Amino acid sequence: MATAFLYILGGILILVIFLTIIAPKSYIVSRSIQVKKPLPEVFEYLKYLKNQQEWSPWSKKDPYMENKILGVDGKVGAISYWKGNKEVGEGEQEIVAINENESVLTELRFFKPFKSTSKGFIKVEKVLPDVTTIVWGFSGDYKFPMNILMIFMNMDKTVGKDFEQGLQDLKRNLESDF
C-alpha cells in the first residue's frame, strides 16, 4: 500500500515537472490599427492615462468603475487606479517611460481578481503625414503554477478581442476629433 502511494506521488511529481518544463514562461499580446490623424496629434492624446477611459474596452464592461489619476497625467510617474466589477477587477497603471512621438510604456499592476504585473505599451509610427499606426499591447512572465494553467488557456485569445475593440473605439474617437 505504501509503495503504491509512493509511485502515485512520484508520478504526480514527474507530471508537474514535465508540465512546468513545457509550459509557456511569458506572453505578449498586441494589436495595431491605422488612424487618419498626424502622429503628433495622436501621440498627444495617447500619453494621457485619463483618455484611455474614453476608449478602453474595460470601461464599457463596468461604466461605474472607480477611476482616479495620481500624479501629473501625461508624465512619467502618473498612475491610473481602477476598481470595478469582477470583469475589470482592481489595479493600477503607471507611466514608466515616455518617448516623445514614439511610445508610452507602463507598468500594469493587477490586484484583483489575481495579483500580477505586466508591461504595457502604446507605440505610434508615422505612415503618411496624416496617417498613423498605433500598436497597443502588454507583456509579462508567468510564475508557477500559473504557467501550468496557461497550457490550457491562451492569453492572446483571452484579451486580444478586447484590444481590437479598444483600438476600434480609439480610431473612432481620434478621427472624429474627440
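So which residues in region 55-76 are of a type in the set (V, I, T) and surrounded by 13 or more Cβ atoms within 10 Å (Cβ to Cβ)? Steps first, answer last, please.
So in region 55-76, the residues of a type in the set (V, I, T) come out as 69, 72, 76.
Of everything in region 55-76, those that are of a type in the set (V, I, T) and surrounded by 13 or more Cβ atoms within 10 Å (Cβ to Cβ) turn out to be I69, V76.
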Would you be able to say whether some residue in region 87-108 is over 21 Å from Q168 (Cβ atoms), touching a Leu at 6+ places or on another chain (Cβ under 7 Å) and open to solvent by 60 Å² or more (accessible area, probe 1.4 Å)? yes
Taking region 119-178 and keeping only residues that are out of contact with any Pro (no Cβ under 7 Å at 6 or more places or on another chain), at pLDDT below 70 and open to solvent by less than 30 Å² (accessible area, probe 1.4 Å), one is left with I148
Checking V42 against (1) free of Cβ contacts under 8 Å to residues at least 60 places away in the same chain; (2) assigned to a helix (DSSP H, G or I); (3) surrounded by 15 or more Cβ atoms within 10 Å (Cβ to Cβ); (4) β-branched (V, I, T), which test does it fail? (1)
Please go through (1) modelled with pLDDT of 95 or more; (2) outside any loop (DSSP other than H, G, I, E, B); (3) among the basic types (K, R) for K75 and return the number of the only condition it doesn't satisfy. (2)
Within region 7-34, tally of residues that are among the hydroxyl-bearing types (S, T, Y), modelled with pLDDT of 70 or more and either on the phi > 0 side of the Ramachandran plot or not in a strand (DSSP E or B) (or both): 1
Across region 78-95, which residue is modelled with the lowest pLDDT among those that are more than 22 Å from P40 (Cβ to Cβ) and β-branched (V, I, T)? V88
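The values are calculated or read from the model by the stated rules, or taken from the named source; none is laboratory data. These figures come from a predicted structure and were not determined experimentally. Cβ: placed from backbone, ideal geometry, glycine included. Neighbour counts: every protein chain shown. The area values use the complete protein model at the heavy-atom level, side chains included, leaving out ligands, DNA and RNA. Shrake-Rupley method; radii C 1.70, N 1.55, O 1.52, S 1.80 Å.
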